[in-house]
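Just so it is clear, none of the values below were taken in a lab; they were calculated from the coordinates. Remember, it's a predicted structure, so these values are computed and weren't measured experimentally. Quick reminder, even Gly has a Cβ in these numbers, built from the backbone with ideal geometry, and neighbours come from all protein chains shown.
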């Protein structure tokens, strides 16, 4: 038993952190609040080799309170090490508890002021609250590169009302746990579904070039590669019509993909084997059943932006205090998703 | 009159502004807030500077231009911070950073402009002393914190912080007090430079605007206007950039127009689809571009300065205000008549007045309008389809159908008699022959 734990700990150190270093950006997302996302971020920040890599960290979503407004649990400040860069709002920068050097004040505006980027000159605590839109996040990440930063880490959000998508990062860690459900099989099933969504492949380079700049509406590409817009509909609309789309090869939904739309595409005979493209997995709001039926019927979903999922972490403790068996959860989930799963608190 | 008040004018000013490749949001705001120039001195000075920038844009390497544009992208609207400094409220680290950032940026831009002797043309005050205040270690990097070298005691506290992380909270508190003292001192030192800082910020926005205007002149083939001394304006090969752009997308060419007007009213008649409205739009556009210091879409132009520019065109917005198109038009023209009674230099451009009412009364209204406005010392350019007595008006006519093709050029005619080409044009549009033939028949009966 001791050996198993030791092996797991060593494996954790080696694979996990070293994997991160292979990418220039990482987002850490939680399946739900209190699934250990912040613990995971702390874990990563504490172990990155700052002598070799310049690291910057920020957060998306409507963070900011020291106490979580929804669950009233303590929302920890992040401890940064000397030499780390960070992006936060003006309001939180003024509350910093470390010595830091400002290197940039951006035009990105949040409810807590503009997003500023600074370098920690001592270790210390900071509240993170970064860009609140996907394009803002992309700009922040691009700007960090201008300051020769090797790795940009984003404290992400999934279930929160965030407009910024963490899928713009190259790699991703997903935090899941008993906060979502204290029924282990239910938790594993749902986590596996989200993992499937994160792992959805990218569409062709050609489609990406064509669809990348489009941020609203529904579009389709015919067999000659011509792009057409479906007029005056959103994917939420009940009045979706697929007239004259016999030669349709690809459909692109710029907004949210929902069950009713997926069902309509599936039931339309002329759209058999169609490729459905969405911006990234956070735009998919369909049930596993509808997705399975769609794929069984020959359809497939692709994304424009994809992060490589490096690992999944679990927090077996629910906010109400119920604790799942950590080892059993890690093993079963790992089997279900074919990826390493870690309980960071335990290790 | 600020640019932002007239930007939505139907003459197409927005198209010109959207086509400006401005690097900072601040420059765009500054441009939109700029006042319309009405003095010869001001306009001359503005175009003199712009001429240098056109020469500059034409002569530099693309990489040099990109370096300059990249610097200008960094300009931020720090007017609030400047205001705080003016009021001597202690600046925080973010505000001090903004000051330092601007100071370094402006120094870099001055250096770039100097290479092309443009520092003689635009005045950007040197902020070297500001840099010295905010860069005690001489790093010349646009980053900022309350540096150790500002205070020996602060330096010691930070050394202790790194040695004893568990005492950090107390040490930070102690340091915070010292830091605040340093900020107060820095604010006091910066206060005497506040005018230079503000001037530098505005100058950088102006450089951004001038480079963008110069690039627009070069790319769209615009010209520098002469300032007319006698109140008359004339344009050679004038074109409307937006219409030209739309036509070229459709694989067609814009036919440039020569036109001039003075205090005598100018009456433009001509067939439908002859481009009369486009001529009025372009004249309005040119007048605004001139008085906001842009290049003029023509091969040559000599323009008189006006205090007020009034463009009356069938206005769709008035329907939203609950006025019928006729009522809205009457009110607009009424405003022109009222303005014409004031002792100001007025240019009015009126497109087909009274077109939506019956032709008998319409003709009477237009005839009377022409008489009323002819007596005023103002410039008037008006289009119409009605047969009216031109009186003293200078009459121009769109050449119209010429060997089966539309000729858009304007020719001077003796009287204001309107051409009768509506049926020919309708026919060329492929309109149902049953309708058109019957209309021809009706005409023959009345004649």
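Numbers below:
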{"read-out": "Radius of gyration and Dmax over the Cα atoms of the protein assembly as shown, both given in Å", "value": "34.1, 113"}
{"read-out": "Taking the C-alpha atoms of region B:194-262, convex hull volume expressed per residue in Å³", "value": "128"}
{"read-out": "Residue order, fewest to most beta carbons within 10 Å, for B:355, B:162", "value": "B:162, B:355"}
{"read-out": "Region B:212-237 versus region A:300-347: alpha-carbon centroid distance in Å", "value": "67"}
{"read-out": "Percentage of interatomic Cα-Cα distances in region B:3-212 larger than 25 Å", "value": "49"}
{"read-out": "Calculated log₁₀ intensity ratio I(q)/I(0) where the Debye formula runs over C-alpha points of region B:222-416, q = 0.08, 0.15 Å⁻¹", "value": "-0.26, -0.95"}
{"read-out": "GNM top mover of A:17, A:214, A:60 - chain A, alpha-carbon springs below 10 Å", "value": "A:214"}
{"read-out": "Residues A:342, A:23, sorted so that the one with the fewest Cβ neighbours within 10 Å comes first", "value": "A:23, A:342"}
{"read-out": "Relative contact order (percent, whole number), chain A, Cα cutoff 8 Å, 6+ residue spacing", "value": "20"}
{"read-out": "Square roots of five times the Cα gyration tensor eigenvalues for chain A, Å", "value": "36, 25, 18"}
{"read-out": "Pair-distance profile P(r), taking every C-alpha pair of region A:205-303, with 5 angstrom steps and integer %", "value": "2, 13, 27, 28, 21, 7, 0"}
{"read-out": "222 nm mean residue ellipticity, helices alone, for the protein assembly as shown (DSSP H n ≥ 4; -39,500 (n - 2.57); rounded to 500)", "value": "-12500 deg cm²/dmol"}
{"read-out": "Of A:184, A:172, A:245, the one that fluctuates the most in a GNM where chain A has Cα springs shorter than 10 Å", "value": "A:245"}
{"read-out": "Tilt relative to chain A, helix A:184-198 - C-alpha long axis, 0 to 90 degrees, to 10", "value": "70"}
{"read-out": "Cα-based convex hull, chain B, per residue volume (Å³, whole number)", "value": "213"}
{"read-out": "Inter-centroid distance (Cα atoms) of region B:164-191 relative to region A:193-233, Å", "value": "53"}
{"read-out": "For chain A, built as a Gaussian network whose Cα springs stay under 10 Å, the top-fluctuating residue of A:334, A:111, A:318", "value": "A:111"}
